[in-house]
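The values are calculated or read from the model by the stated rules, or taken from the named source; none is laboratory data. The structure presented is a predicted model; accordingly, all values stated were derived computationally and were not measured. Cβ coordinates were reconstructed from backbone atoms using ideal geometry, including for glycine residues, and neighbour counts include every protein chain displayed. Ligands, DNA and RNA are stripped out before the accessible areas are found, and what is left, the full protein with its side chains, is counted by its heavy atoms. Shrake-Rupley method; radii C 1.70, N 1.55, O 1.52, S 1.80 Å.
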Amino acid sequence: MLRSLVGSEMCIRDREKKAVEENIAIRWITGDNAVFTATPGGFLKMEFAGKTYPRVAVHRCFPFSDPDRYISIREPEGDGREIGLINDIKELPKQTRSLLEDQMALRYFTPKILRVRDIKEEYGYSYWDVQTDRGDCRFTVRMGGSNVYAIGKNRYLVNDLDGNRFEIPDLYKLTPKEIKKLDLFI
């Protein structure tokens, strides 16, 4: 009877181990093993490994340091479980690459701050008036925390109250007066 229990326990462990290995395995998505299509609602559908995913989410693993490599394709619902990974978007067919880039442009919409007109501080918030590559913009940032942080040499990301992101591509391309306005945040 003891052997039977030990044998059953080993079977369960083997199944658990196999399940874990399947969950952590990297499934590489290529132009040869996956087909992406746009849905009428503007989402992305994918056929991969014999399965159709009616909607997928596209994420960059390294959005600022390596935006064209390691693109994670995930289920959009629940915990966003990863379906697979694209090594380099440049290796995909042009049409597929275009579909993925459109999705990432929506997800990673990040206007670049070209000029800082004014930043006012009041009651734990800062009110920004800036010019971006997408036009003039005003937004609010909560003081404290990490709402303005470095993402590279002289490069900063600003997160506003609504979850929007703004990039300062090169701090030293701003005027000394503009840099002084940013002193409190950098």
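Identify, please: which residue in region 99-116 is assigned to a strand (DSSP E or B) and not basic (Lys, Arg) and is, among those, most open to solvent (accessible area, probe 1.4 Å)?
Among those residues, the one meeting the criterion is LEU114.
The residue that is surrounded by the most Cβ atoms within 10 Å (Cβ to Cβ), among those in region 83-98 that are farther than 15 Å from LYS45 by Cα and not hydrophobic (A, V, I, L, M, F, W, C), is ASN87. Entry remark, region 166-186: residues being part of a loop (DSSP other than H, G, I, E, B) and more than 19 Å from ARG134 (Cβ to Cβ) number 5 in total. For region 117-128, the candidate set comprises residues that are open to solvent by 70 Å² or more (accessible area, probe 1.4 Å) and acidic (Asp, Glu); within that set, the residue that is farthest from the chain's Cα centre (by Cα) is GLU122.
Determine if region 39-59 includes at least one residue that is more than 14 Å from LEU99 (Cβ to Cβ), charged (D, E, K, R) and touching a Phe, Trp or Tyr at 6+ places or on another chain (Cβ under 9 Å). No, because not a single residue in region 39-59 is more than 14 Å from LEU99 (Cβ to Cβ), charged (D, E, K, R) and touching a Phe, Trp or Tyr at 6+ places or on another chain (Cβ under 9 Å).
The set of residues in region 74-98 that are of a type in the set (Gly, Ala, Ser) and not in a strand (DSSP E or B) comprises GLY78, GLY80, SER98. Scanning region 133-151 for residues that are over 21 Å from the mean Cα position of the chain (by Cα) and in a strand (DSSP E or B) gives GLY135, ASP136, CYS137, ARG138, PHE139, THR140, ARG142. Total residues in region 24-44 satisfying the condition of being part of a strand (DSSP E or B) and within 30 Å of GLY152 (Cα to Cα): the figure is 1.
Filtered by the rule that a residue be in a strand (DSSP E or B) and surrounded by 16 or more Cβ atoms within 10 Å (Cβ to Cβ), region 156-165 gives TYR156, LEU157, VAL158, ASN159. Scanning region 45-82 for residues that are farther than 27 Å from TYR156 by Cα, hydroxyl-bearing (Ser, Thr, Tyr) and surrounded by 14 or more Cβ atoms within 10 Å (Cβ to Cβ) yields a single hit, TYR53.
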